[in-house]
Amino acid sequence: MSDARVRNALHRARWTLALHLTICVSCGVQHGDRELVEPAPPFNATAACRPKPGAGTVPTFEERIVETGTDGSVSPLSAQVGSVDGDGAPDLLIASSASNSPDVSTPAVVTILRGRRDGLLETPGAPLEMGRGNYPLLVDVDGDGRQDVTNERLVAYSRGHGGLEQPVELDEVAGVMRWGSLDTNAPPDQFIVTSTGFVVRMGLGEGRMDEAIEVSLGRNLDRFYVGMHDLDDDGLDDVVTLDREHSFDDLDAYPPATVSALLNEGDGQFTDGVNPVQIPEGVSDRPAFGDFDCDGLLDLVACNPDDMLVRVWPYRGDGWGPPLAELHVGPDADVGGACAVAVGDVNGDGAHDLVTGNTVFSSDGGERLGNVEIFLGDGAGGFSAPIILESSTAGFAPNHVTTGDLNDDGLDDLIVLDPNPRTGPIASLWLSVE
C-alpha cells in the first residue's frame with residue numbers, strides 16, 4: 001500500500017475512533033463479518049423534480065445551534081424531520097450512539113425536538129433508549145397520523161404533544177428489516193432480509209401486519225447497505241443494496257462495490273432484473289438519492305472520503321449509467337476525511353439540490369477543517385458552483401446532514417450533526433432566510 005494510502009487510512013481510523021464517524025464502523029449493525037448501514041431517510045420534501053422557470057434564487061441561510069439533548073458520552077449519528085405529535089409542525093428526531101466506543105452493537109438513544117413552524121425547536125425531553133439495532137426512524141406504524149419511533153426490533157408509539165411511550169417489542173423478525181411503502185395501501189410494510197432472499201409483510205393498520213410472503217432469490221441480501229427508495233416514481237418503494245467485493249479493512253480504502261436493485265411490482269412481487277452499477281474503491285456506505293435530471297427516476301449519489309469527490313450516477317430505468325457529475329467537496333487539504341450527502345430543494349425552483357457535510361484533516365493530521373456545501377441543481381443533471389457555509393462553532397466537524405422545511409417557508413433547511421468534543425454534541429440548523 002502506498003504511503004499516501006497508509007496516511008489517509010490512519011487519519012480516517014483516528015477520526016473514526018475519536019468521533020464515531022457515520023461513514024465507518026459506528027454507522028450500522030454487524031451481521032457476521034459484514035456491516036449493515038442504516039440508510040438515511042428518503043428525501044420526501046418534493047414529490048418529484050419539477051423545475052419552475054424563473055423561480056429560485058441563490059439561498060441565504062442563518063445558522064442556529066441547538067443542543068441534541070444528550071451529553072458528551074454519546075455521539076449524534078442521524079437525524080430525521082417528521083411529525084411526532086401530528087400537529088403539522090416539523091419535529092426533529094436525533095439518534096445517537098449510547099457508548100463512547102465505536103461498538104455498533106451498543107444501544108441507540110433518541111431525542112425529539114418539537115417544532116413550532118418558525119424554525120425554533122423546543123428543548124428536547126429525556127433521551128429514550130431504543131435498544132440494539134439499526135438507528136431509529138420516524139414511521140407511523142399504527143396509522144394514527146402521528147409518527148412513531150421504530151427500528152427493526154422495537155417501536156415507541158407517539159402519544160401526542162411530542163411524547164413517546166416506552167418502547168415495546170415488535171413481532172420477532174428473523175433478519176434485517178426495513179419499513180417502506182410496498183403496496184398502494186397507507187399502512188407501512190416490512191421488508192425483511194433472509195439468508196436466501198426476503199420476506200414481505202404488508203401493513204394492516206393499527207400496528208398489525210399481514211401474513212409473511214417469502215421469496216427465495218438463491219442469494220443473501222444481507223449486505224453493507226439495504227435501503228427502500230421509489231426509483232421509478234410509481235408510488236412503490238423499491239429495494240436498493242450495496243455489496244462490497246470483500247470485507248472492509250481499517251487499513252485499506254473502502255473496497256469497490258456493486259449497487260443493485262429489486263423493482264417493486266406491488267403485492268410483494270419484485271423484479272430482479274436491474275443492471276447493477278460498479279462504484280469505485282473508496283466510496284462510503286451511505287448513498288443518497290435524488291432526481292437530478294428530472295426524468296422521474298432516482299439517481300444515486302455517493303461520496304469518496306479519500307479524494308473528497310461526490311459522484312452522481314443517473315438511473316435509466318434498467319440500471320444506473322456512468323456518472324453525470326463529479327464534485328469536489330470540503331475545505332482544501334491534502335488528506336481525505338469524511339463527507340455526508342443529502343438531497344433537497346433549498347431554493348424553491350423545483351429542482352433537486354445536493355448538500356454535503358464535509359470534514360478534512362490539515363496536512364499535519366492535527367487540525368480538523370469542516371464546512372457545509374450546497375450544489376444547486378439545474379434539473380438537467382448540472383450543478384452550480386458550491387455555496388459554502390462556515391459554522392460559528394469552534395472545531396466544527398459534521399458527520400451527518402439531512403434536509404427538511406423547519407420554518408414552513410416552502411424551502412428546505414439543513415440539519416447538520418456534529419459530535420464536537422469541544423462543545424459537546426450539537427445540531428447545527430441552517431435555516432433559509434428570504
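A few points about this structure:
- Listed by first and then second residue, the pairs with beta-carbon distance under 6 Å, at least 6 apart or on different chains, first residue in the stretch 53-75 and under 20 Å from Phe396 (Cβ atoms) and basic (Lys, Arg), second at pLDDT 80 or above and open to solvent by less than 60 Å² (accessible area, probe 1.4 Å), are Arg64/Leu429.
- Test: residue in the stretch 143-166 that is hydrophobic (A, V, I, L, M, F, W, C) and more than 21 Å from Ser96 (Cβ to Cβ): no
- Residue that is farthest from Val240 (Cα to Cα), among those in the stretch 193-211 that are open to solvent by 40 Å² or more (accessible area, probe 1.4 Å) and in a loop (DSSP other than H, G, I, E, B): Glu206
- Pairs meeting the criteria (first residue in the stretch 298-317 and among the hydroxyl-bearing types (Ser, Thr, Tyr), second residue in a loop (DSSP other than H, G, I, E, B), beta carbons under 6 Å, at least 6 apart or on different chains) are Tyr315/Leu231; Tyr315/Leu297; Tyr315/Leu298.
- Which listed residue, of Gly350, Gly379, Gly370, is buried (at least 16 other Cβ atoms within 10 Å of the Cβ) and assigned to a strand (DSSP E or B): Gly370
- Considering residues of the stretch 146-169 that are modelled with pLDDT of 85 or more and in a loop (DSSP other than H, G, I, E, B) only, the residue surrounded by the fewest Cβ atoms within 10 Å (Cβ to Cβ): Gln166
- Glu214 being outside any strand (DSSP E or B) and surrounded by fewer than 22 Cβ atoms within 10 Å (Cβ to Cβ): no
- Subset of the stretch 110-131 (residues that are surrounded by fewer than 16 Cβ atoms within 10 Å (Cβ to Cβ), touching a residue at least 40 places away in the same chain (Cβ under 8 Å) and not hydrophobic (A, V, I, L, M, F, W, C)): Arg117, Asp118, Glu122, Thr123, Gly125
- Subset of the stretch 414-426 (residues that are more than 16 Å from Thr359 (Cβ to Cβ) and either touching a Lys or Arg at 6+ places or on another chain (Cβ under 9 Å) or part of a loop (DSSP other than H, G, I, E, B) (or both)): Gly424
- Given (1) in a loop (DSSP other than H, G, I, E, B); (2) at pLDDT 85 or above; (3) in contact with a Pro (Cβ under 7 Å, 6 or more places away or on another chain), index of the condition Gly227 fails: (1)
- Residue list for the stretch 231-243, restricted to those being more than 14 Å from Asp267 (Cα to Cα) and either touching a Ser or Thr at 6+ places or on another chain (Cβ under 6 Å) or surrounded by fewer than 19 Cβ atoms within 10 Å (Cβ to Cβ) (or both): Asp232, Asp233, Thr241, Asp243
- Within the stretch 86-97, being of a type in the set (D, E, K, R) and in a strand (DSSP E or B) holds for one residue alone: Asp91.
- Leading residue by the ranking (modelled with the highest pLDDT) among those in the stretch 347-371 that are closer than 18 Å to Leu431 by Cα and acidic (Asp, Glu): Asp353
The values are calculated or read from the model by the stated rules, or taken from the named source; none is laboratory data. Fair warning: this is a prediction, and the values are worked out from it, not measured in the lab. Heads up, the Cβs are rebuilt from the backbone with ideal geometry, glycines too, and the neighbour counts pull from every protein chain shown. Calculation scope for accessible area: heavy atoms of the full protein, side chains included, ligands and nucleic acids excluded. Shrake-Rupley method; radii C 1.70, N 1.55, O 1.52, S 1.80 Å.
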